[in-house]
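The structure appears right after this line, and notes come after that.
No lab work stands behind these numbers, since they all come straight from the coordinates. Quantities reported herein were computed from a predicted structural model and do not represent experimental measurements. Here the Cβ is made from the backbone with ideal geometry for all residues, glycine too, and neighbour counts use every protein chain on show.
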Amino acid sequence: MKTELDLKSWSRYEHFKFFSAFDEPFFGTTVRLDCTQTYKTAKRNQASFFLSYLHKSLVAANSIANFRYRIEDGKVFEYERIDASPTINRADGTFGFSYLKFDKDFNTFRDLALPVIQEVWESKGLVPGTAGQNVIHYSSLPWLDFTSVSHARHFSFGDSCPKISFGKMTKTKDGFEFPVSVHVHHALVDGIHVGQFVERFQELLNQVE
């Protein structure tokens, strides 16, 4: 389900027009987040740490309207729900794309995601899925404790989906942390919204379960 925004009455209409004209309208930032509690919970419950933090990032993103906005044929739509399109790393060093449906309940999300991930593991190639506009493009780089990330982009393709990347988890004095890169379309999302996402994501990562 999606709803078209009335652009003329939208408080960000001038921002939308301005940044939509850019050759590269995406901006990004990288932050370090504490993932101690989420990691400990995943290990204690013998659950996937990857799916645990991926789900929490989706909960955070879905709570912010601007992360659910998409540009389609010059119009802006707000989706009711945003899913995940993460890369899945294989044992042979390759990766494949996937499409994971979001559910607020982690157990439901996990049960839907595991067979999709298994299918990618057992396949070859990129495995383009059936994901539409209502996704966030995710990637995980568990080998790199990065401080910034750039993305390969096809500029002639109309893309307004956020791109979030997770890096290598490292030990700190008090626990664990990892870098998180967030790239968003500036016609839809401003720095304040990225800040809201980061704050909400950190709150969820800190939850003791």
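The fewest-to-most ranking of His55, His186, His154 by surrounding Cβ atoms within 10 Å reads His154, His186, His55. Here is the link list: Lys56/Lys173; Lys2/Lys104; Lys2/Lys101; Lys56/Lys163; Lys104/Lys171; Lys8/Lys104. Which ones come out longer than 21 Å on Cα distance? Beyond 21 Å between Cα atoms: Lys56/Lys173; Lys104/Lys171; Lys8/Lys104.
Provide Asp159, Asp105, Asp73 in ascending order of the number of other Cβ atoms located within 10 Å of each residue's Cβ, fewest first.
The fewest-first ordering by Cβ neighbours comes to Asp73, Asp105, Asp159.
Counting beta carbons within 10 Å around each of Leu144, Leu54 and listing the fewest first gives the order Leu144, Leu54.
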